[in-house]
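Read through the structure below, which is laid out as structure tokens, and then see the notes.
The values are calculated or read from the model by the stated rules, or taken from the named source; none is laboratory data. Only a predicted model underlies this, so the values are computations on that prediction, with no experimental measurement involved. Positions of Cβ are backbone-derived with ideal geometry, glycine not excepted, and every protein chain shown enters the neighbour counts.
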């Protein structure tokens with residue numbers, strides 16, 4: 001199994017290699033990949049992020065404040081197996097209370113009993129945090145367990161009182177997805193070159209081809225409870241707008257057609273929102289939702305993640321961009337993370 005995994009990783013590295021940095025000649029004319037569709041913003045007649053240097057390094061902002069979340073998702077994708085559950089703070093993702101092994105035989109779907117065990121353990125941590133909060137507020141003596149829990153909270157790097165306030169209501173659990181992510185890496189070999197060409201030809205960063213790691217783990221027939229379908233998880237409404245011509249067949253199940261639709265969507269989102277953190281997050285939260293966030297909080301993405309409280313802007317939306325960055329890290333260097 002280990003030999004097969006190492007072979008898979010070696011092939012992935014070969015597939016994801018980038019060509020040398022090349023800038024188009026000043027006289028080169030940009031031809032839109034999708035005529036009659038909204039195109040990326042232009043700079044001196046050339047789409048932003050068209051240049052290889054921008055595509056490879058400068059396209060995706062990476063604020064230091066997001067690194068704890070990025071590291072959390074790297075662990076979820078590569079360190080924790082589906083038989084493991086991490087109990088953590090849903091705002092400060094470097095605060096991890098425990099990583100528990102789920103008892104019994106663990107399949108992709110958990111049994112009712114296993115779900116109850118996880119919920120019971122979550123309630124345990126909620127109770128412990130409520131007790132600690134009371135003791136701190138009343139200056140009551142702390143026992144050894146209390147001090148250990150305080151040490152976990154202090155890994156956030158924030159003031160203890162700030163993190164402890166409401167911590168009992170923020171306990172969340174996250175199952176590991178290492179097996180699923182590795183399978184997604186294997187499947188992605190068949191699509192990486194075509195996907196990258198689609199985004200390159202659209203004048204967009206080629207690494208947007210990695211977004212299915214977050215959406216579906218590259219499962220072509222994936223379906224969500226919200227009605228999204230396919231590797232790129234398009235809803236019917238979004239497909240009608242960005243994947244025209246699918247009246248007779250559901251083109252959402254065609255990975256190549258869906259990638260082209262994703263390129264159209266992300267080009268549109270970037271033209272409306274002006275940066276990749278917001279444009280990529282809009283793939284989960286919608287362009288209108290992210291525009292409301294910018295209008296309320298401003299264009300600083302970290303401020304949006306930390307303070308925006310708009311409708312439906314929950315854990316998934318707050319973490320979507322960090323998940324993408326984590327997936328990009330792993331796909332760019334699987335040997336480092338999948339040892």
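Return the residues of the range 281-331 that are surrounded by 21 or more Cβ atoms within 10 Å (Cβ to Cβ) and without any contact (Cβ under 8 Å) to a residue 60 or more places away in the chain; say none if nothing qualifies. Selection gives 281, 282, 284, 285, 290, 293, 304, 317.
Just so you know, in the range 241-252 the residues that are touching a strand residue (DSSP E or B) at 6+ places or on another chain (Cβ under 9 Å) and at pLDDT below 90 include one that is farthest from residue 282 (Cα to Cα), and it is 250. Assess whether residue 93 counts as being surrounded by 16 or more Cβ atoms within 10 Å (Cβ to Cβ), within 25 Å of residue 317 (Cα to Cα) and in contact (Cβ under 8 Å) with a residue 12 or more places away in the chain. Here the answer is yes, as residue 93 does meet what is asked. Evaluation of residue 106 against the conditions (1) surrounded by 14 or more Cβ atoms within 10 Å (Cβ to Cβ); (2) touching a residue at least 40 places away in the same chain (Cβ under 8 Å) shows that the sole unmet condition is (2). Looking only at the range 116-145, filter to residues that are more than 34 Å from the chain's Cα centre (by Cα) and either in contact (Cβ under 8 Å) with a residue 40 or more places away in the chain or not in a loop (DSSP other than H, G, I, E, B) (or both); which one of those is farthest from residue 98 (Cα to Cα)? The extreme case among them is 137. Restricting attention to the range 48-85, the residues that are more than 30 Å from residue 103 (Cα to Cα), part of a helix (DSSP H, G or I) and at pLDDT 80 or above total 4.
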